[in-house]
Structure formats: C-alpha cells, structure tokens
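What follows is a short report on a single structure.
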Amino acid sequence: FPVTIGEQALHASGLLHAGDFEPVRLSAGTGDISGITLYAPKAASIQAGRDVTDFSLYGQNVSSSDRTVVGAGRDVVLYQPNSPLRVLSRASGNALNFGQAPMEGDLQLGGSGTLEIFTGRDFTLGVGPTSPLGTGLGVTTIGNQRNPYPPVDGARVIIGAGISSCLES
C-alpha cells in the first residue's frame, strides 16, 4: 500500500510511548466488542467475553518485547457488512453519519514484538473490499512503513482458534 512522506510526518519525532509498559485496554467482560475502529499508539489488549465483530485495530508496538492481544471467548469476525452497528452508522439521520462508509475490518500492527489473536471458537477475516489506503487487508504487520521510528521488522503473528483459555484475565 502506498505511504506518503506526509503520512509519516504525522507521527511525533521518536517513539512517544517508549518505556511505557501499560497497554491500551479495551474489555467487554462477558459481552461483545463490535463496530469499533481503534487507533493505539502502543501495545494493546482487546478482550471480549463473547465476540469481537466488525472491528479494526491500527496499532503499534514500540518495543520488540511488546504484545498486542486480541481475544474473544467465542468468535473474532473482522468484517461483517450487514452487522447491526454498521447498518445504523450509515442510516440517514444518524448524527454520526458523516457521509463516509466505516472502514473495513483490519488488524494492522506497526513496530515489532508480537500480535496474538485467540478465540474460543472461530477466527474469520470476513469479506470486504481492499481500500487504496491500505485497509481491508485482514491481519498485517507493517514494521515502520507508516511511522519511521519503530524498528523496520514487522511483528510476529500468533493466531489460535478454539483455545479461549489463553485469554488474559
């Protein structure tokens, strides 16, 4: 995907969260996480007791020891074109309808370290269009392609389905 010098210039000089070991946390306890696009400037922990659906994460690990984790007690489905929240977001009269379609489901991680995805049942990318902005690609690690300050190497990816006991508490 094309990345411009202007996009890279949007980042602060250096690694803003270097030495910050507390991840961005998004938790739904016994419920679902759905219809969310999360931009995380450092490692993140996204945990749902049931499902993670129609979800995008554009994150960044700042250290080779960082772990970004997405976990669901049941299913992770990144893109659902007819999910109730996606349909409502495009409804006429919705105050949050800015005339722009929601992004396609992605788990895109900059920097190095590890991206871990664990589900109790199924992991599905869904079916969506690929955008010229580099979205709609599914699970990708991009090293320092969008931010020039993390290491060049992309993160390791670990995906486990049917193993919800691996979820963090």
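Quick note: the coordinates plus some simple rules give every number you see, no bench work behind them. As the structure is a prediction and not an experimental result, all values here were calculated from the model.
What residues qualify as long-range amide H neighbours of Val139, i.e. H under 5 Å apart, gap of 5 or more or another chain, H built at 1.01 Å from N?
Those qualifying (amide H under 5 Å, at least 5 residues apart or on another chain) are Leu107.
Tell me, what HN-Hα J-couplings in whole Hz come from the Karplus equation 6.51 cos²θ - 1.76 cosθ + 1.60 at θ = phi - 60° for each residue of segment 60-71, using x for Gly and Pro?
8, 8, 9, 9, 5, 9, 6, 10, 9, 10, 10, x
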